[in-house]
Each structure stands twice: as C-alpha cells, then as structure tokens.
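The values are calculated or read from the model by the stated rules, or taken from the named source; none is laboratory data. Treat the numbers as computed from the prediction; the structure is a model and nothing was measured. Here Cβ is always computed from backbone atoms with ideal geometry, including for glycine, and neighbour counts include all displayed protein chains. Areas reflect the complete protein model, heavy atoms only, side chains present, ligands, DNA and RNA absent. Shrake-Rupley method; radii C 1.70, N 1.55, O 1.52, S 1.80 Å.
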Amino acid sequence: DWVIGYGHRPSRAITASLIIIGFTAGLAYFSWHKGDMVPNSDIILTSENWLTFAKDRSGNAAAEWSANTETGRDYQTFYSGTYAADVFIPLIDFGQESAWSPSTERGWWGVWLYWLSWIIKTLGWIITALGAAAVTGIIRNES
C-alpha cells in the first residue's frame, strides 16, 4: 500500500525511490568527505601511487589522490548522488559503484554506507519492481 497504493498510485514508488536515493547520497557525501571512500580497484589499491596517499588515515586519501596524481585525475570522479542512484537502481550501471567503495577500515561513515548498501540494494529491487508492475497494470485493485 505505501509503495504503490495497491497499483493505483505508482508515483509513490518514485517518491520512495527519491527519498532513499537522497538518504544514500547524503551518506555517500559524508563518507567521501570524511575520507571513508576508496577506489574499487585491486590494481590501484596495491599500487605505490595509492599507498602513498592511503598511509594518512586522518585526511581524505581518495580526494588527495584524485587531485594530485595522474592516475587519480584520469580515474572516475566521485559524485555522491550518482553513487546513490547506482546503488539503489538495479540493472542500470552508472559506473560509480564499480569505481568507488566505502571502506570499513577508515571510519564509521564508511562502515554505515557499506552495511546499509545491502539494505538499499534490496529496497531498490523491491520498489522498482513494484513500481514497474503498477505502471504496467500487473498489480491493481479490481474492486
């Protein structure tokens, strides 16, 4: 009922999606600015280039690496809103989730984003499926 109004209000799925994406974007924003996001690449994470910046646990290693190295400048730029949409919306890959990952070792913002992303992904599958079913008329109240 609260997601699609038994098929009569599919626009509620959009509202629920925007709320969850907004929440996730805020969490991703703080994770990035607190230094809890890292490149999601084994090659980069083990490179001397990255390890030089990763030693400093008090700053934002990813932002420093992105701004001050040739590899970082050529790597995909982090956008919290796009990252949130990438986590929530199934079947669409914006590239943010494959490029960046929350670190569970750098701070509690990353820990929260890492664990909540499982719930957010599940909600994304459920809400988008219900929304699509309501829009196509598969789910509706006949009475």
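Which order do W108, W100 take when ranked by solvent-accessible area (1.4 Å probe, heavy atoms of all protein chains), largest first?
The residues order as W108, W100, largest area first.
What residues from the range 78-119 fall in the zone where the backbone N is under 15 Å from a label point 7 Å along the Cα-to-C-beta line of K34?
Taking a point 7 Å out along Cα→Cβ of K34, the residues of the range 78-119 whose backbone N falls under 15 Å are 102-117.
Taking just the C-alpha trace of the range 62-143, give me its Rg and Dmax in Å.
Every Cα atom of the range 62-143 included, Rg and Dmax give 17.2, 63 Å.
For the range 10-89, state the average projected area of the convex hull of the C-alpha atoms over all orientations, rounded to one decimal in nm².
Values: hull surface 22.3 nm².
If you wrap the Cα atoms of the range 10-89 in a convex hull and average its projections, you get 5.6 nm².
Show that you can apply the helix-only estimate: for the chain, add -39,500 (n - 2.57) for every DSSP H stretch of four or more residues, divide by all residues, and state [θ] at 222 nm to the nearest 500.
-19000 deg cm²/dmol
At 1.4 Å probe size, what's the solvent-accessible area of W109? Round to the nearest 10 Å².
60
In the chain, what is the volume of the convex hull around the alpha carbon atoms, normalised per residue and reported in Å³?
97
How many nm separate the modelled label positions at T104 and N49, each set 7 Å beyond the Cα in the direction of the Cβ?
2.8
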